[in-house]
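The values are calculated or read from the model by the stated rules, or taken from the named source; none is laboratory data. If you're wondering where the values come from, they're calculated on a predicted model, not measured in any experiment. Note: ideal-geometry Cβ built from the backbone for every residue, glycine included; neighbour counts use all protein chains shown. SASA here: full protein model, heavy atoms, side chains in, ligands and nucleic acids out. Shrake-Rupley method; radii C 1.70, N 1.55, O 1.52, S 1.80 Å.
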Amino acid sequence: MGKNKVGKLFLASMTIMLCIVALIAGTYALWTDSVTVSNHLEAGTLSLKLERVGLTKVVLDSDGYLTEQTFTEEEAYADLTDASEVNVFGIEANEKIVPGASYQATLVLSQGEDNAVAFTYRVIVKLNGESNALAKQMQVFVGTDGGELEVKGTLADYGSEDGGVIVSAQTMAKTDSAKTITVKIAFVDQTDNNLAKNQTVDFDLMIEAEQKTNA
């Protein structure tokens, strides 16, 4: 009986000791957890949208007379944001221009859906190829936000490699509303009109934008 009792006590004491060891060991196993923070950086985008919302032309009709054509907003509308075959002035293939003719387009410059930055923009005219008598008689006008059209010289004045600016650097904050730009080209009547006969002119109308970092 005595041995059995001692054995039971020994086993009991061993059990207690094991429990104590487990508790001691437990004090070194602190609660742990981990949180991972993923750092995600996305580059902002400078994105513009350009639309034609107005178009007026003074051109030859079927009888050979100069006639003003004013297009409805629906007829005039064209999305010029991406490169396309749309002519900004609505000049059709084989359309002939004569003294007194003119083309006027009203454009709306706004921010693309994914635009993230403030920016400055300029409107540039660039004559492609050599200047000629027709380029010297094609006068350029521009107006902004409904203001009066101002004469900006002739197409011949924009024959440099980079062209020339007709709207100087204007700032648009990310929260600014759209801007309206009206551009007109007109064949001015001069005493030497015959010099421009059978000549052609090719030019680009461009809008350049650049991020603005400071207000």
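Here residue 38 meets each of (1) at pLDDT 70 or above; (2) among the polar types (S, T, N, Q); (3) over 24 Å from the mean Cα position of the chain (by Cα); (4) farther than 28 Å from residue 196 by Cα with one exception, condition (1). Remark: pairs (first residue in segment 85-102, within 18 Å of residue 205 (Cα to Cα); second residue part of a loop (DSSP other than H, G, I, E, B) and at pLDDT 85 or above; Cβ separation under 7 Å; 6+ apart in sequence or on different chains) = 86/80; 88/80.
Evaluation of residue 190 against the conditions (1) surrounded by 12 or more Cβ atoms within 10 Å (Cβ to Cβ); (2) at pLDDT 90 or above shows that the sole unmet condition is (2). Restricted to segment 168-185, and to residues there that are within 16 Å of the chain's Cα centre (by Cα) and crowded, with 19+ Cβ neighbours inside 10 Å, the residue that is farthest from residue 131 (Cα to Cα) is 172.
Within segment 58-80, take every residue that is touching a residue at least 12 places away in the same chain (Cβ under 8 Å) and of a type in the set (Phe, Trp, Tyr) and give me the one that is farthest from residue 189 (Cα to Cα).
For segment 58-80, the residue satisfying everything is 77.
Counting only residues that are closer than 14 Å to residue 95 by Cα, open to solvent by less than 50 Å² (accessible area, probe 1.4 Å) and hydrophobic (A, V, I, L, M, F, W, C), segment 47-68 holds 2 of them.
Evaluate the following for residue 106: is it farther than 19 Å from residue 141 by Cβ, in contact (Cβ under 8 Å) with a residue 12 or more places away in the chain, open to solvent by 30 Å² or more (accessible area, probe 1.4 Å) and not small (Gly, Ala, Ser)? No.
With respect to residue 147, is the statement that it is touching a residue at least 40 places away in the same chain (Cβ under 8 Å), out of contact with any Asp or Glu (no Cβ under 6 Å at 6 or more places or on another chain) and exposed (fewer than 14 other Cβ atoms within 10 Å of the Cβ) true? It is false that residue 147 is touching a residue at least 40 places away in the same chain (Cβ under 8 Å), out of contact with any Asp or Glu (no Cβ under 6 Å at 6 or more places or on another chain) and exposed (fewer than 14 other Cβ atoms within 10 Å of the Cβ).
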